[in-house]
Amino acid sequence: MTATMQINSSLAIITIDNPPVNGLGHATRSAIAECLKGAEANPEVIAVLLTGSAKAFSGGADIKEFGTEKTFAQPSLPVLIEQMDAYTKPIVAVINGVCMGGGLELALACHYRVAASGVQIALPEVKLGLLPGAGGTQRLPRLLAMETCVSMISSGQIVLSDQLALSTAQSTTQSTALSTLFDVYEPDPQNLLTRAQDFARDIAAVRPIPRVRDRAANAPIKSDLFSTARSDLMKKSKHFPAPFSCIDALEASLTQTFDEGIKTERAIFQRLLQSPESSALRHIFMAERAAGKIAGVDANTPLRNIKSVAVIGAGTMGAGIAMNFANVGIPVQILDLQAASLEKGLERIRINYQSSVSKGKLTPAQCEQRCALIVGVDHYAAIAQADLVIEAVFEDMQVKQSVFEQLDQVMKTGAILASNTSTLDLNQIARFTKRPQDVIGLHFFSPANVMELLEIVRGEQTAADVLATCSALAKKIKKTAVVAGVCDGFIGNRMLEQYTKQAAFLLEEGCTPQQVDHAIEAFGFAMGPFRMSDLAGNDISWAIRKLRLAANPHAVYSKLGDLLCEQGRFGQKTQAGWYDYQANDRTAHSSDLVNQLIKQYAQSQGIVQRPISDEEIVQRLVLALANEGRKILRDGIAARASDIDIVYLKGYGFPLHRGGPMFYADHLGWDKVDSLLLQFQQGHQGGTWTL
Ligand code: NAD
């Protein structure tokens, strides 16, 4: 049953019942339409109440039907709404809980709205690169101030019913035209239905039945509202057409009749639906959900209880990792063998929290609470009872061995033993213990308290409940987790290696660092590879290259980065890297010295430099990622291509509107990818490409 009807003293109460959020799938829309027909035909019924079961009115489109033809099967939402527009009895929306997207559009098509307090209200379609396509852009401005509509629809943000009721009350003093989203606002949710029934009886005889479509849209209070909104969007969302289209549709509510406005809205909706940006955002939406599904782990997998955490190593990563848990109220112990490092780590944590206080993101009391949850310790016995321990010591197998052997000795049975290693073999680390089933990789990204991505590394013996627990914990600490198998670099860094290699080859073949950076930044990356490397420190990748070269002396790579570091050009911290910098200024200035060094190196290698187009730069960099991604899939390191996209989007700044490297290659077509790679190979562009 997806909607039920009950007649109560001349009132028909239709309850949308499609858990968890009463999504408006095809069956639900049909059931609502049938109930409405039944109530209209029943002479006993004087008015209809439309509400939702449990905690939602309706969350909008049904995710299960997302992208399938059922989304548009009849009655579509616009057709159901037309039925309501032609209805001969008053319909009152009783907004008992979450009211979003198509759910809000349904409520807007009702003749009256009674809302409870604390209800989340939103038109979030813009987040999927769309706009509300069932009248939302035309009806909302007939009930709310245009300023509020612009902000709600172009951002998709959730607003609480209380705020809207409040703005309703305030706006009556400015202009009566702005005051009518809710006809009744009920602070006590328990009273909602009774209050709605009383209201329905009061208005049952009112004729003509007031329809939102018959009202005039509210003109902006500030005449430059639309132009200001557009110029703000140019700063925030220049790669996305949808927020701009939302403004266009809202403006149409003022300049066109209701029916024309609806046609405009629908035409824009159809156009956006076909746009690559919306396609990318919908892919990401589905990819985020898919990433949570782990082979061998299902909803019945038991979770281990994580009430306390210990972190080994109070360095850059350890300190950031600890903050994640304190932020959600989980006590953390940090162990470091160096008293000075421990002190420095704890100090860094305090400075970070204090900076949040100065930005107004935390209260001083919250800062104190969080700092108090993180305590330093200097011996292993102190952490024995922790439910989860995360090692973040030096990236050296011998150091990891000594840490894991000690953890194996002291940690209580059932504790999860995690490593934050970036490059080392997790299976080997697990073998340092007698409980490899409890060992897992939790690869945080720097800064660990900020970056959203977490790679969960599954060892060959990692137990299903350990994976399930870490996946649930990732959600709790607000990370997007992707499961990776064991290999050097896991998913993200393994791909990054190919990308940075290509970037350096491009220099050898004729580009300058700024040409490469500009091209990929124009593609949408926030920062190109050379500006990024200067920010992170060129010495870090230099050290990694040395390790890799020791393991594989025949590795093919460009020596340019090494030459740069040999001159002490480590990046921003030395005011010299791929670019020149001035003191306390992050602006990258082209460096004649570096450009000369590149030319000389190319000559010494017998490379004839040539002009390289921006198109080639982008293709080589992005296809280097996608090609490695394909191998990662083939090797079973990632479970699905969309997981790889999530890693790159959340951890490496891949532009959202491009949907991720695998999505990009999918759309280009893998045949085309292969022919381009072959072309690069034959043209000696970018070293050896292996497919
Ligand atoms: P770091 O040098 O900043 O910190 C390491 C800390 O571990 C130091 O405080 C040191 O005193 C302590 N330590 C060393 N040996 C120890 C031992 N036996 N017992 C207890 N403490 C010990 O290093 P980091 O950058 O925080 O990296 C830590 C780990 O995280 C490494 O495995 C690294 O590969 C991984 N990682 C680093 C980054 C990054 O960007 N820095 C990103 C992801 C993962």
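How about region 381-399: which of its residues are in contact (Cβ under 8 Å) with a residue 24 or more places away in the chain, more than 21 Å from residue 326 (Cβ to Cβ) and not charged (D, E, K, R)?
Passing the criteria: 381, 394, 397.
Yes or no: region 325-332 includes at least one residue that is closer than 30 Å to residue 655 by Cβ and within 16 Å of the ligand (Cβ to nearest atom).
No; the residues of region 325-332 include none that is closer than 30 Å to residue 655 by Cβ and within 16 Å of the ligand (Cβ to nearest atom).
Listed residues 419, 446, 402; which is under 24 Å from residue 320 (Cβ atoms), of a type in the set (Ser, Thr, Tyr) and crowded, with 24+ Cβ neighbours inside 10 Å?
419
Would you say residue 340 is assigned to a helix (DSSP H, G or I) and near the ligand (Cβ under 9 Å from one of its atoms)?
Answer is yes for this residue.
Please work out which one of (1) within 20 Å of residue 644 (Cα to Cα); (2) surrounded by fewer than 19 Cβ atoms within 10 Å (Cβ to Cβ); (3) not assigned by TED's automatic domain parsing to the domain that holds residue 629 is the condition residue 455 fails and give its number.
Going through the list (1) within 20 Å of residue 644 (Cα to Cα); (2) surrounded by fewer than 19 Cβ atoms within 10 Å (Cβ to Cβ); (3) not assigned by TED's automatic domain parsing to the domain that holds residue 629, residue 455 breaks only (2).
Do the conditions hold for residue 351, that is, is it under 18 Å from residue 319 (Cα atoms), loosely packed, with under 14 Cβ neighbours inside 10 Å and either among the basic types (Lys, Arg) or more than 14 Å from the ligand (Cβ to nearest atom) (or both)?
So residue 351 fits the description; yes.
Out of curiosity, is residue 582 under 26 Å from residue 608 (Cα atoms), more than 16 Å from the ligand (Cβ to nearest atom) and open to solvent by 20 Å² or more (accessible area, probe 1.4 Å)?
no
Among the listed residues 408, 396, identify the single one that is over 32 Å from the mean Cα position of the chain (by Cα) and modelled with pLDDT under 95.
Residue meeting the stated conditions: 396.
Looking at (1) out of contact with any helix residue (DSSP H, G or I) (no Cβ under 6 Å at 6 or more places or on another chain); (2) open to solvent by 30 Å² or more (accessible area, probe 1.4 Å), can you tell me which one residue 658 breaks?
(1)
Within region 97-129, how many residues are open to solvent by 20 Å² or more (accessible area, probe 1.4 Å) and touching a Gly at 6+ places or on another chain (Cβ under 9 Å)?
8
Could you identify the single residue in 167, 161, 117, 58 that is at pLDDT 95 or above and among the small types (Gly, Ala, Ser)?
Among 167, 161, 117, 58, only 58 is at pLDDT 95 or above and among the small types (Gly, Ala, Ser).
Which pairs do you get when a residue that is closer than 16 Å to residue 618 by Cα, found in region 644-666, comes within reach of a residue that is open to solvent by less than 20 Å² (accessible area, probe 1.4 Å) and among the charged types (D, E, K, R), reach meaning Cβ atoms under 8 angstrom, with the pair 6+ apart or on two chains?
654/645; 659/645; 660/645; 661/645; 662/645; 663/645
Of the residues 673, 594, which is in contact with a helix residue (DSSP H, G or I) (Cβ under 9 Å, 6 or more places away or on another chain), in contact (Cβ under 8 Å) with a residue 60 or more places away in the chain, open to solvent by less than 50 Å² (accessible area, probe 1.4 Å) and among the aliphatic types (A, V, I, L, M)?
Answer to the check: 594.
Is it true that residue 614 is touching a residue at least 40 places away in the same chain (Cβ under 8 Å), surrounded by fewer than 19 Cβ atoms within 10 Å (Cβ to Cβ) and over 28 Å from the mean Cα position of the chain (by Cα)?
yes
The values are calculated or read from the model by the stated rules, or taken from the named source; none is laboratory data. These numbers were taken from a predicted model, which means no experiment stands behind them. Neighbour counts are summed over all protein chains in view; Cβ atoms, including those assigned to glycine, are modelled from backbone coordinates with ideal geometry. For accessibility, only protein heavy atoms count, side chains too; no ligands or nucleic acids. Shrake-Rupley method; radii C 1.70, N 1.55, O 1.52, S 1.80 Å.
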